[in-house]
Amino acid sequence: MTIRETRDGEVVTLAVEGRIDTTNAPELQQAILNAYQKGKDVILDMSELDYISSAGLRALLIGHKTATSKGGSQKLIGVRDMIMDILDTTGFSDILNIEEQ
C-alpha cells in the first residue's frame, strides 16, 4: 500500500494505492488520524485501491468517527466497483460519505 498526501487549506487528500490488509491497515489509520491534525476535512482517493480487508474498514470507521468528533468530514472518492461491493456488503456504504462516480 502507498499513501500520497496533498493539502489544500483545511482539506487533506490521501490517495491510497494497492491493497489494505491486516499488516498495513494501522499505517492507513495513522495517516488518517495525522491528516486530522493538519486539516478539518479528509478526502480518501481510492481510485487506485485494489483490495480492503476488515482491518482497513476499521481504519475508515475510526476516521469517520474522528471527523464527527472534530466537526469535520471524511469523504471517499474514486471508489472502484469491487471495493464498493465490499462496502455495500458490510453496510459501510450506509455509514461512510462516498462520492458517486
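None of the figures in this text is laboratory data; all of them are computed from the coordinates on show. Fair warning: this is a prediction, and the values are worked out from it, not measured in the lab. No Cβ is skipped: glycine too gets one built from the backbone with ideal geometry, and neighbour counts run over all protein chains shown.
Select, from 76, 60, 96, the only residue that is under 19 Å from residue 7 (Cβ atoms), surrounded by 17 or more Cβ atoms within 10 Å (Cβ to Cβ) and of a type outside the set (Gly, Ala, Ser). Break it down into steps so the answer makes sense when it comes.
Numbers: 60 fails: under 19 Å from residue 7 (Cβ atoms); 96 fails: under 19 Å from residue 7 (Cβ atoms).
Answer to the selection: 76.
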Worksheet item: Taking the condition more than 24 Å from residue 88 (Cα to Cα), small (Gly, Ala, Ser) and either in contact with a helix residue (DSSP H, G or I) (Cβ under 9 Å, 6 or more places away or on another chain) or surrounded by fewer than 15 Cβ atoms within 10 Å (Cβ to Cβ) (or both), does residue 35 pass?
Response: yes
Worksheet item: Taking the range 71-91, which residues are without any contact (Cβ under 8 Å) to a residue 40 or more places away in the chain and either among the hydroxyl-bearing types (Ser, Thr, Tyr) or touching a helix residue (DSSP H, G or I) at 6+ places or on another chain (Cβ under 6 Å) (or both)?
Response: 73, 87, 89, 90
Worksheet item: When you scan the range 53-101, how many residues do you find that are more than 15 Å from residue 29 (Cβ to Cβ) and among the basic types (Lys, Arg)?
Response: 3
